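Okay, structure first, notes after.
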Amino acid sequence: MGRVRIFLGAFGDPGHAFPMLALGSRLAARGHDVALETWVRWRDHVQAEGMTFVAAPEYQVFPTRERPLGHYEAVVLSTPQTRRALVEFEPDVIVHDILTLAPALAGELEGVPVATLVPHIYPVGAPGFPPYAFGARLPRTVLGRTLWRAFERPVEAGLRQGRADLNDARAKLGLPPLGRVHGGLSDRLCIVGTFPQLEYPREWPSPVHVVGPLTWEPPYEDVEPPPGREPLVLVAPSTAQDPEHRLLRAALTGLGREPIRVLATWNRRPLPVPLTVSANTRLVEWISYARTMPRCALVICHAGHGTMVRALASGAPVLAVPHAGDMAENAARAEWAGVGVRLPWRLLGPRSLRLALRRALLDDSLAHRARELARWAAEHDGASSAADLVEELALSRQPGATARTR
């Protein structure tokens, strides 16, 4: 297809910014004009990938730290600024991150087709599913499905309240109300950037496409692990959670005498106190997951989606210790798919982590299944599939154009 103009918008945390950077870089490499609105911290990377950087409104602590804005308050303030950027860029299509509604609402105001990128498990439930983010596995019996159906009414009440809040924000911006719940997801194209093997079986709505992980990371040099031939275990804490480094401290204390090599990173989050490092361990500031994870027998993490799927795409199973947000859901999916072991946060300690590690390393089926997902990822590039879908949506504004052949 011909050259098109594509406006992207992403929340600034790495778990949301990195998948959009993966999509944007792929679209820019195909010769399209791409603008990415996100936090200033990613400016240099956006420009290095051949995109136009647009500074996103950052209202998370506005007007004061004592009174941060609510989500929809920030959306109402952000949308006019984003709309001005849209008018200037004149895009053919918009793709917004699930947490970033200003580009979607600005696009609706300007009559531009809008797609949603979900950079994790699809959050919309189905009959008999446990509520999203509970961290419960799919029930295997009729009784289990019946039990979870009892939660459908309170979940539906919460969704209706969310719709009311969104419609209130839409009214302030001059947009009509929506009758459907999950109004923050596009009803034209919703791209889900996760492994289909982590999704529970369901009937998929026609606009929803599960394309595989969209992986990107800042460039970084190789980091050598501890010497030896023992299995290499990576401790990869969240970049957004666990500020006291509870997982890292448990790993350094509990795994020092195991017959493994440990490579651990604090991911540039300040350490509250100096940590003791055993002879089998190397502790570093930062690593490249893409360079390191293919060498690992196991990745210990908080089950942030980006870290977890990067490990699986590298063929490494995970020991998931979920801390907050959707991490419990991700850990449950890894356990259900047979690619990981889950250790609840409340049980985390040096001894429990050591026992969970032994269980994970002794179960050969976990490594076998993780290698299967790695082979799938090598044959199904998520960023390329997502770019194809965005191009097709952009085609709707170009009469007479022909779609890219997949």
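The values are calculated or read from the model by the stated rules, or taken from the named source; none is laboratory data. Quantities reported herein were computed from a predicted structural model and do not represent experimental measurements. Cβ placement follows ideal geometry from the backbone for every residue including glycine, while neighbour counts extend to all protein chains displayed.
Structure above, values below:
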read-out	value
Pairs with Cβ under 9 Å, 6+ apart, first in the range 134-149 and in contact (Cβ under 8 Å) with a residue 24 or more places away in the chain, second exposed (fewer than 15 other Cβ atoms within 10 Å of the Cβ)	Gly135/Pro344; Leu138/Pro201
Scan of the range 229-249 for residues that are assigned to a loop (DSSP other than H, G, I, E, B) and under 30 Å from Gly24 (Cβ atoms), ordered by number	Pro237, Ser238, Thr239, Ala240, Gln241, Asp242, Pro243
Residue count, the range 139-153 (criterion: surrounded by 10 or more Cβ atoms within 10 Å (Cβ to Cβ) and either at pLDDT 90 or above or not hydrophobic (A, V, I, L, M, F, W, C) (or both))	6
Qualifying residue in the range 281-293 (condition: crowded, with 20+ Cβ neighbours inside 10 Å, part of a strand (DSSP E or B) and of a type in the set (D, E, K, R))	no
Sole exception among (1) small (Gly, Ala, Ser); (2) within 18 Å of Leu271 (Cα to Cα); (3) crowded, with 21+ Cβ neighbours inside 10 Å for Ala240, by number	(3)
All positions within the range 42-70 that are part of a helix (DSSP H, G or I) and either crowded, with 20+ Cβ neighbours inside 10 Å or modelled with pLDDT under 95 (or both)	Trp42, His45, Val46
Every residue from the range 347-368 that is more than 20 Å from Leu252 (Cβ to Cβ) and of a type in the set (D, E, K, R)	Asp363, Asp364
Answer residue from the range 255-265, given it is within 17 Å of Ser352 (Cβ to Cβ) and surrounded by fewer than 20 Cβ atoms within 10 Å (Cβ to Cβ) and is farthest from the chain's Cα centre (by Cα) among those	Arg257
Selection status of Gly184, surrounded by fewer than 14 Cβ atoms within 10 Å (Cβ to Cβ) and either more than 25 Å from Arg375 (Cα to Cα) or at pLDDT below 95 (or both)	no
Search result, residues across the range 302-359 that are β-branched (Val, Ile, Thr) and in contact with a Cys (Cβ under 8 Å, 6 or more places away or on another chain)	Thr307, Val318, Val321
Residues being among the hydroxyl-bearing types (Ser, Thr, Tyr), assigned to a helix (DSSP H, G or I) and either under 27 Å from Val192 (Cα atoms) or touching a strand residue (DSSP E or B) at 6+ places or on another chain (Cβ under 9 Å) (or both) - total across the range 346-399	3
Verdict on Val299 being crowded, with 24+ Cβ neighbours inside 10 Å and touching a residue at least 40 places away in the same chain (Cβ under 8 Å)	yes
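Matching residues to (1) modelled with pLDDT of 95 or more; (2) at negative phi; (3) of a type in the set (Val, Ile, Thr); (4) assigned by TED's automatic domain parsing to the domain that holds Arg342:
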| position | (1), (2), (3), (4) |
| --- | --- |
| Glu221 | no, yes, no, no |
| Pro243 | no, yes, no, yes |
| Ala251 | yes, yes, no, yes |
| Gly254 | yes, yes, no, yes |
| Arg261 | yes, yes, no, yes |
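Let's see how each residue does on (1) within 27 Å of Leu389 (Cα to Cα); (2) in contact with a Gly (Cβ under 9 Å, 6 or more places away or on another chain); (3) without any contact (Cβ under 8 Å) to a residue 60 or more places away in the chain; (4) surrounded by fewer than 18 Cβ atoms within 10 Å (Cβ to Cβ):
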| residue | (1), (2), (3), (4) |
| --- | --- |
| Gly158 | no, no, yes, yes |
| Gly162 | no, yes, yes, yes |
| Ala171 | no, no, yes, yes |
| Leu175 | yes, no, no, yes |
| Leu178 | yes, no, yes, yes |
| Leu198 | yes, no, no, no |
